[in-house]
1. Being in a loop (DSSP other than H, G, I, E, B) and touching a helix residue (DSSP H, G or I) at 6+ places or on another chain (Cβ under 9 Å), is that true of even one residue in the range 30-44?
2. Kindly indicate which of 131, 119, 161, 135 is surrounded by fewer than 19 Cβ atoms within 10 Å (Cβ to Cβ) and touching a residue at least 40 places away in the same chain (Cβ under 8 Å).
3. Which of the helices (runs of 4 or more DSSP H) found entirely inside the range 77-166 contain at least 3 residues meeting this: among the β-branched types (Val, Ile, Thr)?
Amino acid sequence: MPEKPMNIKTMRMNRLVILSAFLFTAGILALGYISFGIWPTVIFTSGFLGGFILWLLIPVSSNFATIKVPFWLAFFLFLVHRVEEKVMGFFPALSKLTDTPVPEITSVPIVLLVLASVGAWLIVPMLVRKGYAFGTYLAWTFFAAMGITELAHFIFPFATGEPYGYFPGMISVIPLAPVAWWGMWRLTRNRMNNSKHHL
């Protein structure tokens, strides 16, 4: 049976959601640039911009049950990862590599960045369960950030000018990244027709 053409209202909703997701992505990257400088922001891009692109290329329906286990497991491992980064001095080490100052954790850009990214990821279950396409966009950014961006920990040692070794945060990425890949694979099981995307 041929697909039904989208009506004008649906097309407007599609464009509005895409624009909202694009502006959110741009806002996150702008906050990253203000907080950390250009090179860390380029690294962040692989997660948020990558998630945005994946969301556009692989339309999926809203079904949180499909990604529930990898999502919460990845979120738990993400918290463990942040603890490792804090204890082992990730930001001072990154600052040394990029020649940018370590940002104050209480600075306005940092607080806004945490609220906008982690805060948005926390509402993924609610948004996806309610059928909001913006929720699936956020799910893509979360899994892409955890499964792609965090792999940079294995690249950083090459830039230290020393023999390849441990870089703060590296150990917890070993279980985190595969769980995020699992989440992305589970998302693709919710594939849907482009004509129904972003309703």
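1. Initial filter on the range 30-44 (in a loop (DSSP other than H, G, I, E, B)): 37.
Checking which are touching a helix residue (DSSP H, G or I) at 6+ places or on another chain (Cβ under 9 Å) leaves us with 37.
Yes, that holds for at least one residue.
2. On the way: 119 fails: touching a residue at least 40 places away in the same chain (Cβ under 8 Å); 161 fails: touching a residue at least 40 places away in the same chain (Cβ under 8 Å); 135 fails: surrounded by fewer than 19 Cβ atoms within 10 Å (Cβ to Cβ).
Sole residue among the options that is surrounded by fewer than 19 Cβ atoms within 10 Å (Cβ to Cβ) and touching a residue at least 40 places away in the same chain (Cβ under 8 Å): 131.
3. Details: elements: 90-98, 108-122, 124-129, 133-147.
Counting at least 3 such residues, we get 108-122.
The numbers here are math on the coordinates, done by the rules we state, and not lab data. Computed from a predicted structure; not experimentally measured. Note that each Cβ is placed from the backbone with ideal geometry, even for glycine, and that neighbours are counted across all protein chains shown.
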